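Below is one structure; the comments refer to it alone.
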Amino acid sequence: MHIEKHFRFPLLVLGAALVATIGCGGPYDAVVTGEVTLNGETLGSGSVAFLPADGGPTAYAEISSDGRYDVYTGKERGLSSGDYSVTVVSLEPPATERSQVGGPPAPGKALTPPWYAMAEYSRLKFQVDSGSNEINLELNTTPPEGWQPTRRRR
């Protein structure tokens, strides 16, 4: 009984230290924030996706009205460090609240050029380091080399 009391305090301290070390930071070792601009003008809506080069879960962010974004993987803030391709999509608000038959409205007109929606053409490739990363996404309307718009079917 005397020995049990003697080991209880060190075990509690060790347990608390492990919880503090492991439990506070979440499962990801990197955080990415930044601002999104198109031709120097802030984008005030849309979404950003970080697609890992080595596979694994894609991380997402919503672009806020001030053009800022903060990346999440699922419900957890952050992502794993590594190489990423990034896509960005921003649309105008829909013209109506409902479709003519009462369903959801058609999406608004694209504000970002279509190549930014495809990782192979976006030209947005980044190394995300462990810790805090500030990655500003500076988009422009100049098509990437090799870009061919898709034809619409009739």
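Every number here is computed from the coordinates shown, using simple stated rules; none is lab data. Just so it is clear, the model here is predicted, and its values are computed rather than measured. Please note: Cβ atoms are built from the backbone with ideal geometry, for glycine as well, and neighbour counts cover all protein chains shown.
A few comments on the model shown:
- Additional length obtainable on full extension of the chain from residue 58 to residue 91, 0.36 nm per residue less Cα span: 9.8 nm
- Fully extending the segment from residue 147 to residue 109 would add 11.7 nm, taking 0.36 nm per residue of separation and subtracting the current Cα-Cα distance.
- Remark: 36, 86, 101 ranked as 101, 86, 36, counting other beta-carbon atoms within 10 Å and listing the fewest first.
- Segment 27-139: radius of gyration and largest Cα-Cα distance (Dmax), Å: 15.0, 49
- Taking segment 27-139 and dividing mean pair separation by its residue count, relative contact order in percent (alpha carbons under 8 Å, at least six apart): 34
- Ranked by how many other beta carbons lie within 10 Å on average, peptides 134-145, 55-66 from highest: 55-66, 134-145
- Under Karplus coefficients 6.51, -1.76 and 1.60, residue-wise ³J(HN,Hα) of segment 74-85 in Hz, glycine/proline x: x, 9, 9, 5, x, 7, 7, 5, x, 8, 9, 9
- Potential lengthening of the chain between residue 42 and residue 125 amounts to 27.9 nm, from the contour at 0.36 nm per residue minus the alpha-carbon distance.
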